[in-house]
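Okay, structure first, notes after.
The values are calculated or read from the model by the stated rules, or taken from the named source; none is laboratory data. Values in this document were obtained by computation on a predicted structure and should not be read as measured data. Virtual Cβ from ideal backbone geometry, glycine too; neighbours counted across all protein chains shown. These accessible areas exclude ligands, DNA and RNA; they are computed on the full protein's heavy atoms, side chains included. Shrake-Rupley method; radii C 1.70, N 1.55, O 1.52, S 1.80 Å.
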Amino acid sequence: MRLGVAQIFIADTLAENEVSVLRMAELAARRGVKLLAFPEMSLTGYHPQTLAKPGFETELDRSLTRLARRARELGLGLIVGRAELVGKRLFNAATVLLPDGTSHTYRKINLTEQEAPYFTPGDKPLVFTFQDYKFGVIICRDQNYPELARQLRREGADALFILAAHFYPPKEARWKLPKNRALPIARAVENGFYVLLANAVGSHLGLVSLGNSLIADPDGCLVALADEVSEVLLTCDLPKKA
């Protein structure tokens, strides 16, 4: 089974980001990918004017409906980072859209200090089944907590997707590159499964994300690594289950 992660630029508007997601989804389908993950908040971005825009919830629902329809047409599962509004609560979420029409949503459990004033933390991990494999999904800061990845492995996950948007001031982005590369590798080795990290590139709200999306195998080998600036698709093939 071929898996993929898309490293993309996150724009300020939902419409622009939807175009980017669809473009990468179509490329992935042509390359035989069956399940594709995008960065954290990749569909909505973080811009306050976007998230507070009148009619935002309706616009987001329509976008997710279009993405779900395209996923069915392509025979491709999508894991898309986005904001989720539930009443007055805002979540940093990842929605899984599978070709059979089913969907799952995970809400980021471990928020950063910058997010905490605006977002509500989630409280439930996610493992879902697709084509006889099980997959876990976590978001960015969640990777710092080995017990969360370990729980997903205990629940049967064959691979782990990490959706990230490592936006920092430029110098901090440079300093944190080794750490944000090492943690997914550590989670892979500790649990003996593939870990696929989808990160953003470019600037957003005065901060910068330096990409380095990656795929690590169960031995911690980097089987794929993206650069700091390009929008790119990384893929790997899961071995057949015994």
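What do you reckon, is residue 83 under 19 Å from residue 130 (Cβ atoms) and touching a strand residue (DSSP E or B) at 6+ places or on another chain (Cβ under 8 Å)?
So residue 83 fails the test.
Can you list the helices (runs of 4 or more DSSP H) lying wholly within segment 2-85 that have 2 or more residues being closer than 19 Å to residue 115 by Cα?
Filter on segment 2-85 gives 48-51.
State yes or no: is residue 73 at pLDDT 95 or above and closer than 19 Å to residue 231 by Cα?
Answer is no for this residue.
Which residue pairs have Cβ atoms under 7 Å apart, sit 6 or more places apart or on different chains, and have a first residue in segment 53-80 that is within 14 Å of residue 6 (Cβ to Cβ) and a second that is of a type in the set (Val, Ile, Thr)?
Within 7 Å, the pairs are 67/21; 67/80; 76/33; 77/96; 79/96; 79/137; 80/21; 80/95.
Here is a list: 157, 198, 242, 186. Which entry is aliphatic (A, V, I, L, M) and in contact (Cβ under 8 Å) with a residue 60 or more places away in the chain?
198
Every residue in segment 96-116 that is out of contact with any helix residue (DSSP H, G or I) (no Cβ under 6 Å at 6 or more places or on another chain), over 15 Å from residue 136 (Cβ atoms), at pLDDT 95 or above and not aliphatic (A, V, I, L, M), please.
Hits for segment 96-116 are 100, 101, 102, 103.
Give segment 82-103 a look and list any residue that's small (Gly, Ala, Ser) and surrounded by fewer than 19 Cβ atoms within 10 Å (Cβ to Cβ), or say none.
87, 101, 103
Can you tell me which residue in segment 18-59 is surrounded by the fewest Cβ atoms within 10 Å (Cβ to Cβ), limited to those that are of a type outside the set (D, E, K, R), within 17 Å of residue 207 (Cβ to Cβ) and modelled with pLDDT of 95 or more?
44
Identify, by number, the condition in (1) in contact with a helix residue (DSSP H, G or I) (Cβ under 9 Å, 6 or more places away or on another chain); (2) of a type outside the set (S, T, N, Q); (3) open to solvent by 30 Å² or more (accessible area, probe 1.4 Å) that residue 237 doesn't meet.
Single failed check for residue 237: (1).
With the structure loaded, tell me whether residue 9 is farther than 26 Å from residue 195 by Cα and among the aromatic types (Phe, Trp, Tyr) or whether it fails that test.
When the stated conditions are applied, residue 9 does not pass them.
Within segment 168-226, which residues are open to solvent by less than 40 Å² (accessible area, probe 1.4 Å), assigned to a strand (DSSP E or B) and either β-branched (Val, Ile, Thr) or out of contact with any strand residue (DSSP E or B) (no Cβ under 9 Å at 6 or more places or on another chain) (or both)?
Selection gives 195, 201, 208, 215.
Just give me the residues in segment 86-114 being touching a Pro at 6+ places or on another chain (Cβ under 9 Å) and not in a strand (DSSP E or B), in sequence order.
Listed by number, the residues that qualify are 108, 109, 110, 111.
Quick check on segment 9-25: of everything there that is among the charged types (D, E, K, R) and over 17 Å from the mean Cα position of the chain (by Cα), which residue is farthest from residue 164 (Cα to Cα)?
Filtering segment 9-25 for residues that are among the charged types (D, E, K, R) and over 17 Å from the mean Cα position of the chain (by Cα), the one farthest from residue 164 (Cα to Cα) comes out as 16.
Of all residues in segment 157-167, which are within 21 Å of residue 218 (Cβ to Cβ) and open to solvent by less than 30 Å² (accessible area, probe 1.4 Å)?
157, 159, 160, 161, 162, 163, 164
For segment 104-152, enumerate the residues that are open to solvent by 10 Å² or more (accessible area, probe 1.4 Å) and aliphatic (A, V, I, L, M).
109, 111, 116, 126, 127, 148
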